[in-house]
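Here is the structure we will look at, set down as structure tokens.
Rule-based calculations on the coordinates, nothing more; no lab input. Note that the coordinates shown come from a computational prediction; the quantities given were computed from them, not determined experimentally. All Cβ positions, even for glycine, are placed from backbone atoms using ideal geometry, and neighbour counts span all protein chains on display.
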Amino acid sequence: MDFVGSKGRKPYKEKMDGYIIIYDTSNLSRVKKTRFGRKLYGYTDKSNNGQYEYYRSGLLDEIPSRKLIRGVVIVKKKEADKVLNLMKKNTTWKRTEDK
């Protein structure tokens, strides 16, 4: 099965050995949730009343990953520490190994 990438991401067709990371942002304020989401996934920045658009990349744009549902991400084993370091600073998270 081919996964279709989300906005700004290309489809990832290879088999991926990695970690399933489950995180929870319910204990964060709306401002902190937004900051975390932007750091993790990236965002579209609009300026001059929407005349210009810029895509600001997030951490998951730089590494092979899959977002399954809200709060669940699969990342390659060798890249998991980058994601976990970001999550340790911002969220409640749980790491499980994908077999």
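With Cβ to Cβ distances under 12 Å as the rule, what net charge do the other residues near Y54 carry (K, R +1; D, E -1)? Walk me through the numbers before you get to the answer.
On the way: positive: K46, R56; negative: D45, E53.
Taking every Cβ under 12 Å from that of Y54, the sum is 0.
By counting other Cβ atoms within 10 Å of each Cβ, how are E79, E53 ranked from fewest to most?
Working: E79 17, E53 9.
Going from least to most buried by this count: E53, E79.
Spin-label point model (7 Å from Cα, Cβ direction): what's the S26 to T44 distance in nm?
Result: 3.1 nm between the two label points.
How big is the Rg/Rh ratio for region 18-97, C-alpha atoms only, Rh by Kirkwood, two decimals?
Reported Rg/Rh (Cα atoms, Kirkwood Rh): 1.02.
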